[in-house]
Amino acid sequence: MSVRRGTNLDRVGGFNDAVVLDAIRRSEQLSRVELAEATGLSGQAISNIARRLLDAGLVREAGRLRGVGLGKPRTLLELEPTGQYAVGVHLDPSVVTVVLLDLTGEVVARRPVDQYADDPDVLIDGIAKTIEEVIAASGAPRDRVTGVGIAAPGPIDVERGVVVDPPNLSAWHLVPLRDELRERTGLPIVLDKDVTAAASAEKWAGQGGSFLFFYLGTGVGAGLVIGDEIVRGSSSNVGEIGHVIVDPDGPVCYCGRRGCVGETSQPRYLVQQAVAAGVLAQGIDIEDRPAVDAAFAQLCASAADGPGAAREIIVALAWRIAKVVEDVANLLDLERVVFGGPHWEQLAPVLGDAVRDALDDRFLVRAVHPFEVAGTALGQDVGAIGAASLVLDQTFSPNPSLLLQSTAVVAER
Ligand SMILES: [Zn+2]
C-alpha cells in the first residue's frame with residue numbers, strides 16, 4: 001500500500017494530522033524523520049503534528065532508534081491503542097454481534113446480542129444494551145469511544161440511516177436504525193452495508209490494493225476496494241451480485257428467476273442436491289433451519305474427506321461462484337478475491353482450491369498479473385470488526401474536502 005502524501009500548505013492541520021496518523025498506522029512505528037520522508041511534509045510540520053497527536057493521546061513514543069551514523073538517536077512514534085475506541089455492530093438475520101476495537105484495530109471486547117428478536121424495537125433495545133455491556137467489559141473510558149458503526153444487509157438508505165428491506169428479517173421495513181440507536185446510546189452512528197464493512201475490515205487488516213470481498217451468508221454479496229479505497233457506488237448499495245444468473249436450469253430464486261448465484265449458494269439448496277445425489281439421507285425438512293445447518297455441516301465434512309459426490313457438489317458451487325468473480329475481476333482489473341461470511345468457514349477446505357482451479361481455466365487478467373484467492377483471516381466477526389473500522393477510518397482518512405475548506409478558513413489550528 002502506498003503512503004498518502006501530505007501538503008505543506010498552511011491551515012490544513014486536520015488533513016495532515018490524518019495523513020501522519022495513517023502513515024504511523026501502516027508502518028506501526030516511525031520516527032519523525034521517516035514521517036517527513038513518507039508524507040512529504042516539512043520537519044517543522046511533522047514536529048507540530050506529532051506534538052498535537054501526543055497531547056491528544058493518539059500516539060505515544062516507543063523507544064529510540066539508533067542511526068548508523070553519529071546523529072542523534074531517533075524517537076519512534078506508534079499509535080496509542082487506548083487513544084480511541086469504536087463499536088462495531090453486525091446486524092445479521094441469524095445473530096447480531098457487537099465488538100469494541102481500540103485505535104490499532106484490535107478487538108478488545110465482543111458479545112452477541114442475547115435479546116434476539118424479529119421485532120425492530122426489541123432488537124434495537126438489545127443492541128443498545130449490549131453496546132453498553134461491551135464498553136463496560138473492556139474498561140475503555142466511555143469518552144474515548146468515538147462512535148458506533150453498523151453493518152446491515154442491503155438495501156440501505158445511507159442518507160436517512162434507514163435499513164430498507166433486509167432479507168430474512170420479515171418485520172424490518174424502513175427501520176430508522178441510525179437515529180434509533182443514536183437516541184438510545186448518545187453516540188455518533190455510521191450505517192453501511194455488511195459487505196462494505198467486511199471489505200473495510202479486510203483493508204484494515206493490511207490487505208489493501210484492489211480486491212473483491214465475496215460474502216457467503218444468508219445472501220451473497222460483494223464488497224469492493226479499488227486502489228486502497230472502499231467503493232460504495234451512488235447510493236452505498238454496491239455489490240448486489242446475488243442475482244447474477246449462473247445456472248439457467250437452477251432453482252427458482254425469490255426474485256422470480258432461475259439459477260441466481262445467491263440462491264444456488266444457500267445451504268438449503270446444496271443440502272437438497274446432496275440428498276438427491278445420495279450423499280445425505282432423505283427426510284430433511286428444508287424449512288427447519290437447525291436441521292439444514294446440521295446437514296450442511298455433514299455435507300461439507302464429506303466433501304473435505306475426499307473425492308466423491310459430496311465434493312462434486314461443492315466443486316460445482318465453486319464454478320458458479322468463479323463465473324461471477326471472473327466477470328467482476330476482469331471488469332475492474334482486480335488482484336484478489338477474499339471470501340468470508342458465516343458459510344465460508346465450513347466450505348473453505350474444498351471451495352478455496354476449487355475456485356482457484358476454476359479461475360485458472362478462465363481468468364483473462366491472470367495473463368497480465370497474478371490473481372489471488374484467499375479467505376478472510378478475521379473469521380466470523382469480520383462484519384462487526386468492519387463496522388467498527390468504518391468509524392476508525394474517519395480518524396485516519398485525510399478528507400480532501402478539508403483542503404477545499406482550508407482556503408476559506410482563517411483561523412489557524
Ligand atoms: Zn434472484
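The values are calculated or read from the model by the stated rules, or taken from the named source; none is laboratory data. All values reported here derive from a predicted model rather than from experimental measurement. Positions of Cβ are backbone-derived with ideal geometry, glycine not excepted, and every protein chain shown enters the neighbour counts.
Table for the structure above
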quantity: From the options ILE49, ILE127, ILE135, residue that is of a type in the set (A, V, I, L, M, F, W, C), farther than 19 Å from VAL190 by Cα and in a helix (DSSP H, G or I); calculated: ILE49
quantity: Residue count for the range 186-220, restricted to those that are surrounded by fewer than 24 Cβ atoms within 10 Å (Cβ to Cβ) and part of a helix (DSSP H, G or I); calculated: 2
quantity: Subset tally (residues that are more than 16 Å from ALA388 (Cα to Cα) and in contact with a His (Cβ under 8 Å, 6 or more places away or on another chain)) for the range 133-181; calculated: 2
quantity: Residue check, ILE230 part of a strand (DSSP E or B) and either more than 10 Å from the ligand (Cβ to nearest atom) or charged (D, E, K, R) (or both); calculated: yes
quantity: Any hit, the range 251-267, residues being in contact with a Cys (Cβ under 8 Å, 6 or more places away or on another chain), among the hydrophobic types (A, V, I, L, M, F, W, C) and crowded, with 24+ Cβ neighbours inside 10 Å; calculated: yes
quantity: Lone unmet requirement of (1) of a type in the set (A, V, I, L, M); (2) under 29 Å from GLU61 (Cα atoms); (3) in a loop (DSSP other than H, G, I, E, B) for ALA171; calculated: (2)
quantity: Among the candidates ARG268, ARG289, ARG258, residue that is more than 19 Å from TRP344 (Cα to Cα), among the basic types (Lys, Arg) and either outside the structural domain of VAL195 (by TED's automatic domain parsing) or at pLDDT below 95 (or both); calculated: ARG258
quantity: The range 237-250 - residue that is more than 8 Å from the ligand (Cβ to nearest atom) and buried (at least 19 other Cβ atoms within 10 Å of the Cβ) and, of those, nearest to ALA318 (Cα to Cα); calculated: VAL246
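Every residue, every condition in (1) within 30 Å of PHE371 (Cα to Cα); (2) away from the ligand (no atom under 16 Å from the Cβ); (3) of a type outside the set (Val, Ile, Thr); (4) part of a helix (DSSP H, G or I), yes or no:
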position	(1), (2), (3), (4)
GLY256	no, no, yes, no
GLN273	no, yes, yes, yes
VAL292	no, yes, no, yes
VAL315	yes, yes, no, yes
ALA329	yes, yes, yes, yes
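Here's the yes/no breakdown for (1) small (Gly, Ala, Ser); (2) free of Cβ contacts under 8 Å to residues at least 24 places away in the same chain:
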position: CYS253; (1), (2): no, yes
position: ARG257; (1), (2): no, yes
position: SER265; (1), (2): yes, no
position: ASP293; (1), (2): no, no
position: ALA303; (1), (2): yes, no
position: GLY308; (1), (2): yes, no
